[in-house]
Amino acid sequence: MLFTGAYAHERTRYIMGIPVTVISDDRSIHRKVFKVFSQIDGYFSLYRKDSLLCRLNTEKSLYMDRLFNELLQISFEVYRETGGYFDISLGNHTVRYGDSHEMCPLPENESTGMENIKVKGSLIALENGISLDFGGIGKGFAVDKAGALFRNSGVYGVIKADSEVRCFGGCRVIIENPYGSGFFAVFEMTGKETGISTGGVYRRYKNSMDNNHLINPFTGASADKIVLISVFGDMPNSYLDGYSTAGAVMPVEKAVEFLNRKRLGFFILLRKGCYLAGRYNHLYIKKLQINPQFPECKEYKPEEDKNNSQDK
């Protein structure tokens with residue numbers, strides 16, 4: 001996902017295994033933003049053997065501080081709101097899609113389940129061998145923490161962490177074509193402060209997009225109906241990130257209903273080549289262009305999605 005903005009100062013660093021770009025009218029804020037991302041990486045990375053999350057996943061217990069507990073509680077909230085489609089307890093499954101030799105070593109175990117996360121005061125314990133993965137919400141959380149620096153300082157600009165973007169004062173967004181060169185959609189974000197989270201099966205997979213990292217927690221299968229999902233609005237990026245992660249594995253009609261109920265904007269590109277647009281897109285974007293390669297879906301029949309249904 002690309003973006004443009006009319007701000008004078010731009011810097012990019014690789015943190016959390018991704019390019020983090022800061023564009024602003026105040027160059028002094030860049031270093032502070034990168035420091036926030038480095039801190040979040042040290043807490044929640046599965047690609048660092050020295051992270052707090054790696055310690056928790058290997059030792060199965062940890063005394064949390066306020067920052068760790070904050071993201072944990074947001075994760076529980078998004079889990080409840082999405083009916084369980086967002087699930088940080090899938091670490092034993094999602095770790096298979098990592099490609100770094102520095103990745104936190106986890107014992108082979110198939111266990112999952114948010115009920116196996118036990119919290120008593122500042123102590124978190126993982127039961128039945130589960131492992132946590134905050135990859136579906138961690139970048140959004142980092143953007144929120146960095147965004148507070150912009151907000152508190154009155155700075156205008158853009159924070160981009162791979163698929164997570166926060167715009168302070170508006171920006172132009174280009175969502176790349178998941179099938180090749182060019183774009184899927186181009187538009188301008190409106191409003192004083194807005195965020196966008198984009199994900200999809202084309203971003204991380206092994207051998208083919210059928211074997212991707214977006215796991216349905218009820219079936220254990222990879223997402224198979226949605227190629228790309230972008231969710232945008234004025235709520236924190238932590239939630240946009242979690243909702244896009246959940247929406248990618250929900251039955252399509254459930255994802256559409258959920259995001260519309262939240263009054264968020266969204267685009268969902270389906271495997272069959274057409275896209276669905278949110279009812280409230282007009283609240284957040286303008287000057288929209290869609291690649292003519294992708295027609296809007298004339299209708300979506302729920303029965304088409306029967307193989308991706310909830311299976312407890």
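The values are calculated or read from the model by the stated rules, or taken from the named source; none is laboratory data. Values in this document were obtained by computation on a predicted structure and should not be read as measured data. Neighbour counts are summed over all protein chains in view; Cβ atoms, including those assigned to glycine, are modelled from backbone coordinates with ideal geometry. Remember, those area values only see protein heavy atoms, side chains included, never the ligands or the DNA or RNA. Shrake-Rupley method; radii C 1.70, N 1.55, O 1.52, S 1.80 Å.
If you roll a 1.4 Å probe over the heavy atoms of the protein chains, what accessible area per residue do you get for the chain, in Å²?
Working: 13910 Å² over 312 residues.
For the chain, the solvent-accessible area averages 45 Å² per residue.
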Solvent-accessible surface (1.4 angstrom probe) belonging to HIS9, in square angstrom, nearest 10: 50
How many times 2.2 N^0.38 Å is the alpha carbon radius of gyration of segment 141-298? 1.01
Treating only the Cβ of Lys, Arg, Asp and Glu as charged (+1, +1, -1, -1), what charge dipole size does the chain show about its Cα centre? Round to the nearest 20 debye. 700
Determine the equivalent ellipsoid of segment 17-89 by diagonalising the alpha-carbon gyration tensor, then write out the semi-axes as square roots of 5 times the eigenvalues, largest first, rounded to whole Å. 26, 18, 11
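Of the accessible area of segment 125-204, with the probe set at 1.4 angstrom, what percent is carbon plus sulfur?
Details: 1130 of 2450 Å².
Answer for segment 125-204 is 46 percent, counting heavy atoms of protein chains only.
For the full complex of protein chains and a 1.4 angstrom probe, list THR190, THR94 by accessible area with the highest value first.
Details: THR190 35, THR94 15 Å².
Largest to smallest exposure gives the sequence THR190, THR94.
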Once each part is reduced to its C-alpha centroid, what is the distance from segment 18-54 to segment 248-265 in angstrom? 30
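When the accessible area of segment 60-120 is computed with all protein chains present and a 1.4 Å probe, what percentage of it is carbon and sulfur?
Working: 1480 of 3110 Å².
Its accessible area is 48 percent carbon and sulfur atoms.
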Rg and Dmax of segment 219-303, Cα atoms only, in Å: 12.6, 39
No solvent, one uniform scatterer per C-alpha: report log10 I(q)/I(0) for segment 51-175 via the Debye equation at q = 0.22 1/Å, two decimals. -1.30
Which entries in the list LYS139/LYS254; LYS120/LYS262; LYS49/LYS139; LYS35/LYS118; LYS160/LYS192 go over 27 Å, if you measure between the two C-alpha atoms of each? LYS120/LYS262; LYS35/LYS118
Amide hydrogen neighbours beyond the local backbone of THR194, cut-off 5 Å, H modeled: CYS167, GLY169, GLY170
Note, ³J(HN,Hα) from phi for segment 271-282, Karplus 6.51, -1.76, 1.60, rounded to Hz, x at Gly and Pro: 4, 6, x, 10, 10, 10, 10, x, 5, 10, 4, 5
When the distances between all Cα atoms of segment 110-165 are binned every 5 Å from zero, what whole-number percent does each bin get? 4, 15, 18, 13, 14, 11, 12, 8, 4, 1
Amide H contacts under 5 Å for GLU176, restricted to residues at least 5 apart in sequence or on another chain and with H modeled in the peptide plane, are LEU2, PHE184
Taking placed amide H atoms and a strict 5 Å upper bound, the residues 5 or more places from ARG48 or on another chain that come that close are CYS104
Residue by residue, what Karplus-based ³J(HN,Hα) values in Hz, rounded to whole numbers, does segment 164-176 have, using 6.51, -1.76 and 1.60 with θ = phi - 60° and x for Gly and Pro? 10, 10, 10, 10, 10, x, x, 6, 9, 10, 10, 8, 5
Phi to ³J(HN,Hα) by Karplus 6.51 cos²θ - 1.76 cosθ + 1.60 over segment 183-194, Hz, x for Gly, Pro: 10, 8, 8, 10, 7, 10, 7, 10, x, 5, 8, 9
Taking a probe of 1.4 angstrom, what is the accessible area of GLU193 in Å², to the nearest 10? 40
Please report the accessible area of ASP87 (heavy atoms, 1.4 Å probe, ligands and nucleic acids excluded) in Å², nearest 10. 30
Positive-end residue of GLY195, PRO107, SER230, charge dipole of the chain with Cβ unit charges: GLY195
